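Visitor: Dropping a structure here in structure tokens format, bear with me for questions.
The values are calculated or read from the model by the stated rules, or taken from the named source; none is laboratory data. Keep in mind that what you see is a predicted model, and the values were worked out from it rather than measured. Positions of Cβ are generated from backbone atoms using ideal geometry, with glycine treated the same way; all protein chains shown enter the neighbour counts. Remember, those area values only see protein heavy atoms, side chains included, never the ligands or the DNA or RNA. Shrake-Rupley method; radii C 1.70, N 1.55, O 1.52, S 1.80 Å.
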Amino acid sequence: MDTLKTQQVTFKVFRFNEETDYLPYYNTYTLDVTHEEVVLDILNRIKWEHDGSLSYRRSCRHGICGVCAIKVSGKAVLACKTRLFDMIDVFGNELVIEPLSTKRAFKDLVVDKKDFWDKHAQIKPYLEAPIDEHPVTENLVSPHDAEKLLEADYCIQCGACHYSCPSVEINELYIGPAAFAAAYRFAADVRDDASVERLHIVNEEAQGVWDCVKCMECAQVCPKEVNPIEKITKLHNMVFEANIAKNNVATRHAVGFAHSIEKHGLLDEGELVRYSEGNIGVLKHVPVALKMFAKGKIVLPWNMPKADKLDEIKKLVKSSSTVKF
Amino acid sequence: MEKLKYALFTGCTAKESTPEQMMSTLAVAEKLGIELVELTEASCCGASHLQDYDDFLSLVLNARNIAYAEKHGLTMVTICNTCQLNTAMTKHRLDHNAELKAKVNAKLAEVGLEYKGTSQITHFLYAIIDDFGLDKIKEMVVKPLSQFNIAPFYGCHNIRPSELQNETHKSPENPYRPTSLDDLIIACGGLNVDYEEKNKCCGFHAELQAPRTAAVLTGNAVAGAMDANADWMVTPCPLCHLKLDTQTHHASVAIGRDVSLPVLHMQQMVGLALGCTPAELGLNHHVTKVDFV
Ligand code: SF4
Ligand code: SF4
Ligand code: FES
């Protein structure tokens, strides 16, 4: 039999009971862990051998129910799927165990996911299609059409991406990566009739896809490789394709790139800000622009550099453009 | 060692709002004996926004840029994290999807070009670390940065998604504990400070659309570095640089605390250690004054 490799690890575990505590605190436990153990095994051992009051969620123990998501030293993981030795490789022998959101924790590692589920509900996470009460055949989707979902349907609603997303953290209206992935999942389903309605929801300023800062954290963290930012990009594309993009700073910012590239090959940074904000809106950028100008950081229109072989670029922009705004 | 030679994809920012980045890239390449062939025909990579509007057009344009690097038979080197991501992502998608590659090539054929997939794409930071070698940098340091606490700021698009970027980095970067920039600071003789925000987002890409979110992220990043006693910050991304260097007023208002630190481009830091002059490195082009040299 293989001898088990073990390492001594110190766990700093977040503790908070909203019924009795004013402030959260951390308990420290030092345990010998084996290379076979996952994070959930350690939580179980702490609960069973050290402190029965420790609370956390677990159910399937197979990485499919999504309830055991927590943060280990800042990285959101599924406790039941994440090997301790992998965490030690990344973070060393002192690991901090915290809920997905310390703000939303009400009992130790258990968080109130109401905001997550509300946002999930907001995007209409179900198929809208006429129902045939007496179908003679199944409503089949071809493999080719199923591929269009890009595995967005693999999401297990664990919330790892949602509670790692900086835009969710800062802007409480922002719908967030998991719900966007779900919005894409249904909008891309050939059987669905509510795609445009859903696209209007994700197209709204402040709550919608335009408020994503493109940090890629959701793609990095997802334990099911759903890649939410890829779906967010698809939703951007679908908004334009469905011709429902509103003429605002967000959409003009995206479209401005195409204009600039066609004109110069490169991006005209100053003109992009003016085009995106409009002639009035651009005024709020004047103080920063003046400071940049003083430091030689603004190129004046007549000095705007151009790419060589601009004719080639112009030709490709013309022939390869697939959307209009 | 055989002389290193790359096809330089400058991106737009180095030609416009961060001239100092272009200057310092060329100065450092010269010191290190790295030959850079500038891809003057290259277009903008779309900076992740053209992709939102017209994904196919962005693929064609990025494939065209790579095709020019291929014509030179060289690895493409980028000097912007977002250019790195968009170009590497284009390469990944075309190399893994023959149908898409054929569609893109049908367009490129109209201008007599073909994307083959023969050139690699790397960022100058990783060219220095993986190809040139930190040990050799260390040997070449003439002005060690030993009196400075330096806060590395990685920028999202070099480190996430790591599966994609690790296709180009020879030593995989851990997105939760990235080390490349820390290692480079140490190689330059500086002291690398650790702080929570070093691998977080600066907010650049949503500055116009979501100004408050963007400003809070900028503020948190600079505040994190200040709280870790940094004398200055260093970043491999000109977009992070712009955000952290020029937007500190909005950031201070957003987080209710005055934040401001000099933010150097990775190339400027290396250049200082290698003995380049501040003028060669364009240190006078910063909005937040670089007053320690
Ligand atoms: S890429 Fe966008 S949605 Fe994903 S975590 Fe970052 S801000 Fe959130
Ligand atoms: S997209 Fe991934 S990380 Fe986000 S909730 Fe779904 S499974 Fe979890
Ligand atoms: S317990 Fe179900 S995913 Fe971990």
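Visitor: I'd like the full set of residues that are in contact with a Phe, Trp or Tyr (Cβ under 9 Å, 6 or more places away or on another chain) and within 16 Å of residue A:206 (Cα to Cα), limited to segment A:169-185.
Guide: If the condition is that a residue be in contact with a Phe, Trp or Tyr (Cβ under 9 Å, 6 or more places away or on another chain) and within 16 Å of residue A:206 (Cα to Cα), then A:169, A:176, A:179 are the ones that fit.
Visitor: Next question. Give me the residue from segment A:48-71 that is surrounded by fewer than 17 Cβ atoms within 10 Å (Cβ to Cβ) and outside any loop (DSSP other than H, G, I, E, B) and, out of that set, nearest to ligand 3 (Cβ to nearest atom).
Guide: So the residue we want is A:48.
Visitor: Same structure, new question: Hey, could you check segment A:123-173 for residues that are in contact with a strand residue (DSSP E or B) (Cβ under 7 Å, 6 or more places away or on another chain) and within 14 Å of chain B (Cβ to nearest Cβ) and say which is farthest from ligand 1 (Cβ to nearest atom)?
Guide: As a first pass, look at segment A:123-173 and keep what is in contact with a strand residue (DSSP E or B) (Cβ under 7 Å, 6 or more places away or on another chain): A:158-160, A:163-164.
Of the ones still in play, those that are also within 14 Å of chain B (Cβ to nearest Cβ) are A:160, A:164.
Details: A:160: 10, A:164: 6 Å.
Ranking the qualifying residues of segment A:123-173, first place goes to A:160.
Visitor: I'd like the residue in segment A:72-84 that is assigned to a strand (DSSP E or B) and touching a residue at least 40 places away in the same chain (Cβ under 8 Å) and, out of all such residues, is nearest to ligand 3 (Cβ to nearest atom). Give the derivation first.
Guide: Restricting attention to segment A:72-84, the residues satisfying the condition of being assigned to a strand (DSSP E or B) are A:72, A:75-78, A:83.
Right, trim to touching a residue at least 40 places away in the same chain (Cβ under 8 Å) and you get A:75-78, A:83.
Details: A:75: 15, A:76: 12, A:77: 10, A:78: 5, A:83: 13 Å.
Step by step, filter segment A:72-84, then rank; the result is A:78.
Visitor: Further question on the same structure: Residue A:188 is checked against (1) out of contact with any strand residue (DSSP E or B) (no Cβ under 7 Å at 6 or more places or on another chain); (2) open to solvent by 10 Å² or more (accessible area, probe 1.4 Å); (3) of a type in the set (Gly, Ala, Ser); (4) closer than 29 Å to residue A:72 by Cβ and fails just one. What number does that condition carry?
Guide: (4)
Visitor: Here's a check for you: in segment A:277-295, which residue that is at the interface with chain B (Cβ under 8 Å from one of its Cβ atoms) and surrounded by 14 or more Cβ atoms within 10 Å (Cβ to Cβ) is farthest from residue B:10 (Cα to Cα)?
Guide: Selected residue: A:277.
Visitor: Among the residues of segment A:130-143, is there at least one that is outside any helix (DSSP H, G or I), touching a residue at least 24 places away in the same chain (Cβ under 8 Å) and under 13 Å from the mean Cα position of the chain (by Cα)?
Guide: No, segment A:130-143 contains no residue that is outside any helix (DSSP H, G or I), touching a residue at least 24 places away in the same chain (Cβ under 8 Å) and under 13 Å from the mean Cα position of the chain (by Cα).
Visitor: Can you go through B:51, B:21 and tell me which one is assigned to a helix (DSSP H, G or I), open to solvent by 10 Å² or more (accessible area, probe 1.4 Å) and either among the hydroxyl-bearing types (Ser, Thr, Tyr) or within 12 Å of another protein chain (Cβ to nearest Cβ) (or both)?
Guide: Values: B:21 fails: open to solvent by 10 Å² or more (accessible area, probe 1.4 Å).
Going through B:51, B:21 in turn, just one is assigned to a helix (DSSP H, G or I), open to solvent by 10 Å² or more (accessible area, probe 1.4 Å) and either among the hydroxyl-bearing types (Ser, Thr, Tyr) or within 12 Å of another protein chain (Cβ to nearest Cβ) (or both): B:51.
Visitor: Give the number of residues within segment B:225-239 that are open to solvent by 10 Å² or more (accessible area, probe 1.4 Å) and in a helix (DSSP H, G or I).
Guide: 3
Visitor: Quick check: anything in segment A:83-99 more than 14 Å from chain B (Cβ to nearest Cβ) and within 16 Å of ligand 2 (Cβ to nearest atom)?
Guide: Going residue by residue through segment A:83-99, those that are more than 14 Å from chain B (Cβ to nearest Cβ) are A:83-85, A:97, A:99.
Restricting the remaining residues to those that are within 16 Å of ligand 2 (Cβ to nearest atom) gives A:99.
Within segment A:83-99 (the criterion being more than 14 Å from chain B (Cβ to nearest Cβ) and within 16 Å of ligand 2 (Cβ to nearest atom)), the answer is yes, since at least one residue qualifies.
Visitor: Can you tell which of B:72, B:92 is surrounded by fewer than 22 Cβ atoms within 10 Å (Cβ to Cβ), in contact (Cβ under 8 Å) with a residue 60 or more places away in the chain and under 25 Å from residue A:305 (Cα atoms)? Break it down stepwise before answering.
Guide: Numbers: B:92 fails: under 25 Å from residue A:305 (Cα atoms).
That would be B:72, the only listed residue that is surrounded by fewer than 22 Cβ atoms within 10 Å (Cβ to Cβ), in contact (Cβ under 8 Å) with a residue 60 or more places away in the chain and under 25 Å from residue A:305 (Cα atoms).
Visitor: Which of the following residues is in contact (Cβ under 8 Å) with a residue 24 or more places away in the chain, open to solvent by 40 Å² or more (accessible area, probe 1.4 Å), more than 16 Å from ligand 1 (Cβ to nearest atom) and farther than 18 Å from residue A:110 by Cβ: A:36, A:18?
Guide: Working: A:18 fails: farther than 18 Å from residue A:110 by Cβ.
Sole residue among the options that is in contact (Cβ under 8 Å) with a residue 24 or more places away in the chain, open to solvent by 40 Å² or more (accessible area, probe 1.4 Å), more than 16 Å from ligand 1 (Cβ to nearest atom) and farther than 18 Å from residue A:110 by Cβ: A:36.
Visitor: Go through the residues of segment A:212-220 one by one and say whether even a single one is open to solvent by less than 30 Å² (accessible area, probe 1.4 Å) and more than 10 Å from chain B (Cβ to nearest Cβ).
Guide: Residues of segment A:212-220 open to solvent by less than 30 Å² (accessible area, probe 1.4 Å): A:212-220.
Checking the rest, the ones that are also more than 10 Å from chain B (Cβ to nearest Cβ) come to none.
No: segment A:212-220 contains no residue that is open to solvent by less than 30 Å² (accessible area, probe 1.4 Å) and more than 10 Å from chain B (Cβ to nearest Cβ).
Visitor: Still on this structure, please answer the following. Please go through segment B:54-65 and pick out each residue that is facing chain A (nearest Cβ under 7 Å) and touching a strand residue (DSSP E or B) at 6+ places or on another chain (Cβ under 8 Å). Spell out the reasoning first.
Guide: Filtering segment B:54-65 down to residues facing chain A (nearest Cβ under 7 Å) leaves B:54-57, B:60-61, B:64.
If the condition is that a residue be facing chain A (nearest Cβ under 7 Å) and touching a strand residue (DSSP E or B) at 6+ places or on another chain (Cβ under 8 Å), then no residue fits.
Visitor: Of all residues in segment B:202-223, how many are facing chain A (nearest Cβ under 7 Å), open to solvent by 10 Å² or more (accessible area, probe 1.4 Å) and outside any helix (DSSP H, G or I)?
Guide: 2
Visitor: Looking only at segment A:26-64, count how many residues are within 16 Å of ligand 2 (Cβ to nearest atom), farther than 17 Å from residue A:98 by Cβ and of a type outside the set (S, T, N, Q).
Guide: Summing the residues that are within 16 Å of ligand 2 (Cβ to nearest atom), farther than 17 Å from residue A:98 by Cβ and of a type outside the set (S, T, N, Q) in segment A:26-64 gives 4.
Visitor: Hand me the list of helices (runs of 4 or more DSSP H) wholly inside segment A:150-259 holding 2 or more residues that are among the basic types (Lys, Arg) and in contact (Cβ under 8 Å) with a residue 40 or more places away in the chain. Full working, then the answer.
Guide: Numbers: elements: A:166-170, A:177-187, A:195-203, A:217-221, A:228-241.
Filter on segment A:150-259 gives A:228-241.
Visitor: Return yes when residue A:191 is at pLDDT below 95 and away from ligand 1 (no atom under 16 Å from the Cβ) and no when it is not.
Guide: Working: at pLDDT below 95: yes; away from ligand 1 (no atom under 16 Å from the Cβ): yes.
Yes.
Visitor: I've got another one for you. What is the number of the single condition among (1) away from every other protein chain (no Cβ under 14 Å); (2) assigned to a loop (DSSP other than H, G, I, E, B); (3) away from ligand 3 (no atom under 16 Å from the Cβ) that residue A:102 does not meet?
Guide: Condition not satisfied by residue A:102: (1).
Visitor: Would a scan of segment A:22-30 turn up a residue that is farther than 16 Å from residue A:93 by Cβ, free of Cβ contacts under 8 Å to residues at least 12 places away in the same chain and not in a loop (DSSP other than H, G, I, E, B)?
Guide: Within segment A:22-30, one or more residues are farther than 16 Å from residue A:93 by Cβ, free of Cβ contacts under 8 Å to residues at least 12 places away in the same chain and not in a loop (DSSP other than H, G, I, E, B).
Visitor: If you scan segment A:307-325, which residues turn out to be loosely packed, with under 14 Cβ neighbours inside 10 Å and either part of a helix (DSSP H, G or I) or in contact with a His (Cβ under 9 Å, 6 or more places away or on another chain) (or both)?
Guide: Answer for segment A:307-325, where residues must be loosely packed, with under 14 Cβ neighbours inside 10 Å and either part of a helix (DSSP H, G or I) or in contact with a His (Cβ under 9 Å, 6 or more places away or on another chain) (or both): A:311, A:318, A:319.
Visitor: Filter segment A:246-267 down to the residues that are open to solvent by 20 Å² or more (accessible area, probe 1.4 Å) and either at the interface with chain B (Cβ under 8 Å from one of its Cβ atoms) or of a type outside the set (D, E, K, R) (or both) and list them by number. Spell out the reasoning first.
Guide: Of the residues in segment A:246-267, the ones open to solvent by 20 Å² or more (accessible area, probe 1.4 Å) are A:246-247, A:249, A:252, A:259, A:262-263.
Of everything in segment A:246-267, those that are open to solvent by 20 Å² or more (accessible area, probe 1.4 Å) and either at the interface with chain B (Cβ under 8 Å from one of its Cβ atoms) or of a type outside the set (D, E, K, R) (or both) turn out to be A:247, A:249, A:259.
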